[in-house]
């Protein structure tokens, strides 16, 4: 899997996440605007708080990863390949298939 496809899949996580959850998540989501939700989920992903993401993932997205630990492993692979985010080049929210899609293009320390 290339770095580009890894990062694309990582950002696609936001598409499969809900802002509401059936059970109490590990940490609260204190924003509701789609751009801020995308930024929050991305921050959680970068800092390893994948359990907060997993708690909000749709059934379909959970099936993609299979388990919370596999999501955490995926995060480690992405961060190992990309390094740290250095700059946000663009970010936006678009509507696709009835969902808000957060799109973030960034520069990372390891390039790619």
Neighbouring Cβ atoms within 10 Å as the yardstick, rank 35, 97 fewest first.
97, 35
Can you tell me how much longer the chain between residue 77 and residue 101 gets when fully stretched, taken as 0.36 nm per residue apart minus their C-alpha distance, in nm with one decimal?
6.4 nm
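Quick check on the exposure proxy: order 46, 102 from fewest to most C-beta atoms within 10 angstrom. Display every interim value, and only then the final one.
On the way: 46 15, 102 23.
If I rank by nearby Cβ atoms, fewest first, I get 46, 102.
Please state the shape class of region 72-112: rounded when a/c is under 1.5, otherwise prolate if a/b exceeds b/c and oblate if not, all from the C-alpha gyration tensor. The partial results should precede the final answer.
Values: a/c = 3.98, a/b = 1.59, b/c = 2.50.
Cα axes put region 72-112 in the oblate bin.
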Exposure proxy order (Cβ contacts within 10 Å, fewest to most) of 108, 65
108, 65
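Values in this text are rule-based calculations from the coordinates and carry no lab data. The model shown is predicted, which means the values in this text are computed figures rather than measured ones. Quick reminder, even Gly has a Cβ in these numbers, built from the backbone with ideal geometry, and neighbours come from all protein chains shown.
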